[in-house]
1. On a C-alpha basis, how far is the centre of the range 154-215 from the centre of the range 349-427 in Å? Whole number, if you could?
2. Which of K368/K418; K209/K239; K33/K145; K145/K239; K26/K145; K349/K418 have a Cα-Cα distance over 19 Å?
3. Suppose all protein chains stay in the model; what accessible area per residue would a 1.4 Å probe give for the range 323-426, in Å²?
4. Can you pull the percent of the range 333-427's accessible area that's carbon plus sulfur, 1.4 Å probe, other chains left in place?
5. How big is the charge dipole of the chain about its Cα centre, in debye rounded to the nearest 20, if each Lys and Arg gets +1 on its Cβ and each Asp and Glu gets -1 on its Cβ?
6. Taking Cα atoms, how many degrees apart are the long axis of helix 137-153 and the longest axis of the chain, rounded to 10 and kept between 0 and 90?
7. Given a 1.4 angstrom probe, what's the average accessible area per residue across the range 185-270, in square angstrom?
8. With θ set to phi - 60° and the Karplus curve 6.51 cos²θ - 1.76 cosθ + 1.60, what are the ³J(HN,Hα) couplings of the range 377-384 in order, to the nearest whole Hz, using x for Gly and Pro?
Amino acid sequence: MKYRAPRGTRDILPEECRKWHFLEEKIREVSWKYGYGEIRVPIFDSTEVFARSVGEDTDIVSKEMYTFTDRGERSLTLRPEGTASVVRAYLENNLNAGPGPVKLYYYGPMFRYDRPQAGRYRQFYQYGVECFGSGHPAADAEVIKLTLDLLGMLGLEDVTLQINSVGCSECRPVYRRKLKEVLEHNREKLCRDCTGRLESSPMRIMDCKEEHCREATVNAPVMVDHLCPECSAHYAEVKEILNRLGIVGEENPRLVRGLDYYTRTAFEFVSTELGAQDSIGGGGRYDNLVEHMGGPTVPAVGVALGIERLLLSMDKTFLQQKKAPAVFVAVSSDDQLPTGFQAADIARKAGCTVEVELMGRSLKAQMKYAGKKGFDYVLITGQEEETRGIVTLRDMNTGQQEELPVSRLESDLQSVVKQTRNRKEEG
C-alpha cells in the first residue's frame, strides 16, 4: 500500500521551509515593533466556542469544521480560525483585568473542510493580531498599518487595501430590512446558499462571487449609505488617519466579511498575483464578540492573513536577495575533518549557512555535490592547506579560487558575505 498525505494537506520540505522561516521572522519582527505579544492557543477547542462566535449559519460552522466527540462525550473542533479561541483565552485568563489595550498575535495551523485550490488547504496556516479594549478608530488604522508594513517587509507591492463599514447593532437592522426587500424581488436569481442567507444573513449575499447573485445585487442599497452618525464618524476617522499615513484604501461597498462577529470597519487585502482567488487576508472590528461569549463589553479589532496565500504572493527574487551565502566545506580526506569543522564554525560566525562533508566522498565527488545543491562557495581544506595555515575558497558561480589565511578567516568571510548580498541585490 502506498501512503499519501490526506487530500488538502501537504508536506513542507526543507527548501520551502526556508521561505516559511523568513516569513515567520518578519511576522515576529513587525508584531514586536507594534507591541503585540504572542499567544498560543490549543489546536482544538470546544465546538461551542466556534459555533457561538463565528455563527451557526456561516459556511465555516455548517459545512467546513472538523468536529469530533472525545471519550468524555465532549464535542471538540479543530480550530477553523483564530479569533474565537483567542477571545476564549482572553476571558479564561482574565487578561481584561490588566491595563488596556491588550494586544495579542497568534500564528499556527487552522483546519477547514474546503475544496483544495492554489494557496488553500484543509490544514492551512494563519497569522493574526487582536487588539482588545480600544474602540477608537486609531486601533483600526493601526491594525491596517501593521499589516501593510508586514507586506512591505515581504516585498509585496501589488497589494490593494479594500475597506468598508458594516455598521453596528443600531443601524444594521434597518439596512438589512431594506436590502432584504430588494433581494426578495430577485430571489430566483440567487444561488442556493444565498437563498438560505436571505432570511438569516442577507448582507452576505452582497459578497457572493456567483455571477447571478452579483446581478441580483446591482441595484441593492449599500451599508455605507445607511450608517448611523456614530458609525459614519468612526469610518470617516479611520480613513482620515490612513490618509495621513499615505494609505489610500479602495472603498468596496460589497465587502462584508464572512463571519457574524464583525461590526463597523471591515477590510481585506488583495493581490494581483493570485488570480480569481485574490485575497491574502482581512479583518475588522468586532465590538460585541467578547460580550457575546460571556464576557464584559470589550471593543476589539483584528486581522488574519493566510500564510500559504502570502507565500504565493511573495517575490522569490526578494527572498534570494536576503538569503545568507551557502558554503560547503570540502575535505581532502577524513583526517582533515577536524580542521573542516573548525572552518565551518568560523564561517557560521561570519554569517554563512554551512554544511560539512559527512559521507566520506572523494574531493571530486564533494565538488560535484556542492554544484548540484547550489552552494555559493566551497571552502576546501587538505594537508597542504593545513600546513600553510590557509583554506581555499572557491566561488561556485564564477569558478574563481582564492587562498584565505585561517588567522583572519572570519573577517574575510564577513567581507564575502557582504559582497555576495550586494551582488544579489544588484542582480
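The values are calculated or read from the model by the stated rules, or taken from the named source; none is laboratory data. None of these values were measured; they are calculated from a predicted model. Cβ coordinates were reconstructed from backbone atoms using ideal geometry, including for glycine residues, and neighbour counts include every protein chain displayed. Heads up: the accessible areas ignore ligands, DNA and RNA and are worked out on the full protein's heavy atoms, side chains in. Shrake-Rupley method; radii C 1.70, N 1.55, O 1.52, S 1.80 Å.
1. A separation of 59 Å, based on Cα centres.
2. Numbers: K368/K418 26 Å; K209/K239 26 Å; K33/K145 12 Å; K145/K239 12 Å; K26/K145 15 Å; K349/K418 14 Å.
Beyond 19 Å between Cα atoms: K368/K418; K209/K239.
3. Details: 5830 Å² over 104 residues.
Averaged over the residues of the range 323-426, the accessible area is 56 Å².
4. On the way: 2690 of 5760 Å².
Answer for the range 333-427: carbon and sulfur cover 47 percent of the accessible area.
5. Using Cβ point charges on Lys, Arg, Asp and Glu, the chain gives about 700 debye.
6. For 137-153 against the chain, the angle is about 30 degrees.
7. Values: 4430 Å² over 86 residues.
I get 51 Å² per residue for the range 185-270.
8. Result, rounded to whole Hz: 9, 10, 9, 10, 10, x, 4, 5.
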